Amino acid sequence: MNLALSLLSGVLLVLIFPNVNFTWLAPVALAPLLIACALESSWKRRFILGWASGFVFWFAVCSWIQFVLEVHGGMGRWGGWGTFVLFALLKGLYTATFAALVGSVLRTPWAIPGSAALWTAVEYAHGTIGLAWVGLGFAWLDLGNAAIDMPLLPRLAPITGVWGLSFALAMISCAVTLAFLRRPLTHYTWLAVFAMLPLLPELPAPHAGTERVRVVQPNIDTEAEWTPETLALLEQRMVLLSEPANAPLIVWPEAPAPFYPAEESFRKYVGDLARDAQAPILMGGVGRTSAGDPLNSAFLFKADGELAAERYDKIKLVPFGEYVPDAFGWVNRITHEIGDFVPGTRIVTFPLDGQRIGAFICYESAFPNLVRQFTKAGASVLVNLSNDGYFGHSAAREQHLKLVRMRAAENRRWILRATNDGITAMIDPAGREIVRLPLYTQTSAVFGYNSLTGLTPYARFGDWFAWTCLMASVISCGESLIRRRP
């Protein structure tokens, strides 16, 4: 029965995210696992239960990784499946750790906040602790992301980040668990904090943006073989999609095409287009370090055709996509660059008519602490340059968009998401999707947004809530273990 309960939690955690989106299950998704952990006295068996639950979640919600490894990584079906299963097993260790520790916390009067803090700390660890220290950090779809469309919980986002929403949902699951266990009513007094939610600042009201940007979705084949002729045709296509600008900014996405702004011929091509359109062009391309190593970068060509002096180099690279961890040296890279990409080291924002643009690249949307640094550095609007073509026709595209929506809510900024073949969309400061372009289509459009100033508490102070949960978990687990001693 305990194993069945644990597996049920894994399934529920999958169902609350795209493409199913049964978000109404999010408040109870952890309850079956918590009940199993409360009924199981052995921490070793709880570890196995949590591992099973975590494996189910990562295997199902990230099944698109197998497709990426097989098709774009050239590993073949069995190589792709084998590597993906190993990935899911490793990621399941985080949930296993949570289950092993939460059993003792559930026996205490502070079970509700203690369990919620532990879950939030373990979620935070996915991208920062444990496997992240050996190059295998991978963050994706924290529990709180499922609450982006709920009526009150998104009010927490600009204060605590997504971590506060995860904490709140985990509290509810723990309360359901205690009800099943028939705990005293005094153990539920912690739920009184939910009465504070209506007192938090309301979400910004929906409204149309007055500032304009032309976004280009070129729909480039991710597996195209590039020759001088095919590249010339692509350049002609980008010109047609970018003109007339009808906007003071043109944005191209991160693209699989060999765009090298350091090369004189390509620099002249984009510079001439910017001059003709009388608008700056923000685009993704390949940069180089002083040693010649490739960088996944964002560039800005000014309206006069000159390349801006600074570029932003992607800091959070995709394991197996842009670099291969040393422990997985046999795995092919998905990109076609010679040698692994190397990470950037600093936040850069671009000037635009007295404002600043923060452009984070693709998978970096999964890291709230990174995105908020663009806002803290003065960005009045955020841009997510992405290429989700490697995901195929999978749920990953909608999953990725959900991450971007949470980043908008945390920072209270409009986010333009410019992609190669979708989902290209404009997100408002409450995390609402205002408009999107059709998938798998070569097109462009003018979107509206507003430049905003001011810093949310989350943008200013970062992951303070996640670290508080981490410290509280250490104290809670330590105290609960001490209480068990005879």
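Read the figures in this text as sums done on the coordinates, not as results from a lab. Because the structure is a prediction, the values reported are computed rather than measured. For neighbour counting, all protein chains shown are included, and Cβ atoms are generated from backbone atoms with ideal geometry for every residue, glycine included.
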Quiz prompt | Likely footprinting exposure, TYR390, TYR458, TYR323, fewest C-beta neighbours within 10 Å first | solution = TYR323, TYR390, TYR458
Practice problem: Can you find, among VAL71, PRO113, TYR312, the residue farthest towards the positive end of the dipole of the chain? Put +1 on the C-beta of Lys and Arg, -1 on that of Asp and Glu. | Solution: PRO113
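Taking only DSSP H segments of four or more residues, each worth -39500 (n - 2.57), what value at 222 nm results for the chain once the sum is divided by all its residues, to the nearest 500 deg cm²/dmol?
Working: 14 runs with 198 residues, N = 486.
Per the formula, -13000 deg cm²/dmol.
Using a Förster radius of 56 Å, what is the FRET efficiency between GLU263 and LEU199 based on their Cβ-Cβ separation? Nearest 0.05, please.
Values: r = 56 Å, r/R0 = 1.00.
Calculated transfer efficiency: 0.50.
Plugging the Kirkwood radius over Cα pairs into Stokes-Einstein for the range 182-332, at a temperature of 4 °C and a viscosity of 1.567 mPa s, what D comes out in µm²/s?
So the translational diffusion coefficient is about 68 µm²/s.
Net charge near THR443, counting Lys/Arg +1 and Asp/Glu -1 over other residues with Cβ under 15 Å of its Cβ?
Values: positive: ARG214, ARG237, ARG417, ARG436; negative: GLU243, ASP421.
Summing Lys/Arg as +1 and Asp/Glu as -1 gives +2.
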Quiz item: Under 20 Å from the 7 Å Cα→Cβ point of TYR188, by amide nitrogen: which residues of the range 31-62?
Solution: 31-36, 38-39
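How much net charge surrounds ASN2 when only the other residues with a Cβ under 12 Å from the Cβ of ASN2 are counted, with Lys and Arg +1 and Asp and Glu -1? Mind showing how you got there, number by number?
Working: positive: ARG45, ARG46; negative: GLU40.
In short, +1.
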Practice problem: Working from Cα positions, state the angle (0 to 90°, nearest 10) between the long axis of helix 228-242 and the longest principal axis of the chain. | Solution: 80 degrees
Quiz item: Once the Cα gyration tensor of the range 62-113 is found, what semi-axes does its equivalent ellipsoid get, as square roots of 5 times the eigenvalues, in whole Å, sorted largest first?
Solution: 37, 9, 5
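For the ranges 50-63, 423-436, 195-208, what's the packing order if you count other beta-carbon atoms within 10 Å of each residue, average per peptide, and put the highest first?
Numbers: 50-63: 23.0, 423-436: 21.0, 195-208: 11.1.
Listed from highest to lowest mean packing, they are 50-63, 423-436, 195-208.
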Quiz item: Which of CYS469, PHE350, ILE434 sits closest to the plus end of the dipole of the chain, meaning its Cα is farthest towards the positive end, when Lys and Arg get +1 and Asp and Glu get -1 on the C-beta?
Solution: CYS469
Practice problem: Quick one: P(r) of the range 208-254 from all Cα-Cα pairs, 5 Å bins, percents rounded to integers, in order of increasing distance. | Solution: 5, 18, 25, 21, 14, 9, 5, 3, 1
Quiz item: With a 10 Å Cβ neighbour count serving as the proxy for reagent exposure, in which order, fewest first, do SER394, SER242 appear?
Solution: SER394, SER242
Self-check item: Student exercise, the range 1-148 dipole from Lys, Arg, Asp, Glu Cβ charges, in Debye to nearest 20
Solution: 300 debye
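What dipole magnitude, in Debye to the nearest 20, does the chain give about its Cα centre under +1 on Lys/Arg Cβ and -1 on Asp/Glu Cβ? Could you put the intermediate results ahead of the total?
Values: 38 positive and 37 negative charges, 441 e Å.
Dipole of the chain, to the nearest 20 debye: 2120 debye.
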Quiz item: Which residue, chosen from TYR449, THR424, ALA409, occupies the Cα position most advanced towards the positive end of the dipole of the range 340-486, where the dipole is computed from +1 (Lys, Arg) and -1 (Asp, Glu) charges on Cβ about the Cα centre?
Solution: ALA409
Exercise. Note the full-extension length gain between VAL435 and PHE22 as 0.36 nm times their separation in residues minus their Cα-Cα distance, in nm to one decimal.
Key: 146.5 nm
Quiz item: Going by how many other beta carbons lie within 10 Å of each one, how would you line up PHE194, PHE465, fewest first?
Solution: PHE194, PHE465
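Nearest-5 percent of antiparallel DSSP beta bridges in the chain? Each step should come with its number before you reach the end.
Working: 28 of 43 bridges.
For the chain, the DSSP antiparallel bridge percentage is about 65.
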Exercise. At a Cα cut-off below 26 Å, give the lysines reachable from LYS268, other chains included and same-chain residues fewer than 8 away excluded.
Key: LYS302, LYS314
Quiz item: Taking only Cα atoms, what is the 0 to 90° angle, nearest 10, from helix 264-277's long axis to the longest principal axis of the chain?
Solution: 90 degrees
Quiz item: Rounded to the nearest 0.05, what FRET efficiency is calculated for SER63 and LEU3 with R0 set to 25 Å and r the Cβ-Cβ distance?
Solution: 0.70
Practice problem: Against the globular-protein guess of 2.2 N^0.38 Å, express the Cα radius of gyration of the range 232-280 as a ratio, rounded to two decimals. | Solution: 1.09
Quiz item: Which order do peptides 309-318, 268-277 fall in by mean Cβ count within 10 Å, highest first?
Solution: 309-318, 268-277
Quiz item: So how strong a dipole does the range 401-474 carry about its Cα centre when Lys and Arg Cβ are +1 and Asp and Glu Cβ are -1, to the nearest 20 debye?
Solution: 100 debye
Quiz prompt | Alpha carbon centroid spacing (whole Å) that separates the range 229-245 from the range 358-421 | solution = 25 Å
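Step through the table entries LYS91/LYS376; LYS316/LYS402; LYS44/LYS402, compare each Cα-Cα distance with 27 Å, and write down the pairs that go over it. Could you put the intermediate results ahead of the total?
Values: LYS91/LYS376 31 Å; LYS316/LYS402 18 Å; LYS44/LYS402 35 Å.
In this structure, LYS91/LYS376; LYS44/LYS402 lie more than 27 Å apart at Cα.
Write down the Å³ per residue value for the convex hull defined by the alpha carbon atoms of the range 1-133.
Given the Cα convex hull of the range 1-133, per-residue volume reads 114 Å³.
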Exercise. Please report the relative contact order for the range 211-307, taking Cα pairs under 8 Å with a sequence separation of at least 6, and give it as a percent rounded to a whole number.
Key: 26 percent
Self-check item: Radius of gyration, Dmax [the range 385-486; alpha carbons; angstrom]
Solution: 19.8, 70
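Suppose a student asked you for the relative contact order of the chain, using Cα pairs under 8 Å spaced at least 6 residues apart; what percent would you report? Intermediate results must be reported in sequence, preceding the final value.
Details: 1017 pairs, mean separation 83.3, N = 486.
Relative contact order, the chain: 17 percent.
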